[in-house]
Amino acid sequence: MIAPDKHTDIGTSVPYIAGLALKQIAASGIINYDDLKKYLEKQVGKGMGDNFEYALSFLYLLNRISYNQVSDSFIVIHET
């Protein structure tokens, strides 16, 4: 899923989508789940499939983003 092979489309890979998501969340400060998904679909295309959710999980597990369940939104965690 994360490790590329010769058949991996880099434009729809988990690390690429995670990078775009992190950049957009940081630029917005806080962004709604649906708004982030629409933005990434515009950037990557409909071919990203489940990689959107995988990318968000990847960033969450790396402790780079935080999810607010009440507002259904994400923020970037700034490590000090």
For helix 51-61, report the angle its Cα long axis makes with the longest principal axis of the Cα atoms of the chain; keep it between 0 and 90° and round to the nearest 10°. 50 degrees
Over the chain, what is the mean sequence separation of C-alpha contacts under 8 Å (at least six apart), divided by residue count, expressed as relative contact order in percent? 35 percent
Please get the size of the charge dipole for the chain, origin at its Cα centre, with Cβ charges of +1 on Lys and Arg and -1 on Asp and Glu, quoted in debye to the nearest 20. 180 debye
Translational D in µm²/s for the chain (Stokes-Einstein at 4 °C, 1.567 mPa s, Kirkwood Rh from C-alpha pairs): 101 µm²/s
What number comes out for the charge environment of Ala55, summing +1 per Lys or Arg and -1 per Asp or Glu over other residues with Cβ under 13 Å away? 0
Along Cα→Cβ, 7 Å out, is where each label goes; now give me the distance between the ones at His78 and Leu61 in nm to one decimal. 2.8 nm
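Quick note: the coordinates plus some simple rules give every number you see, no bench work behind them. If you're wondering where the values come from, they're calculated on a predicted model, not measured in any experiment. In this analysis, Cβ positions are derived from the backbone assuming ideal geometry, glycine residues included, and neighbour counts consider all displayed protein chains.
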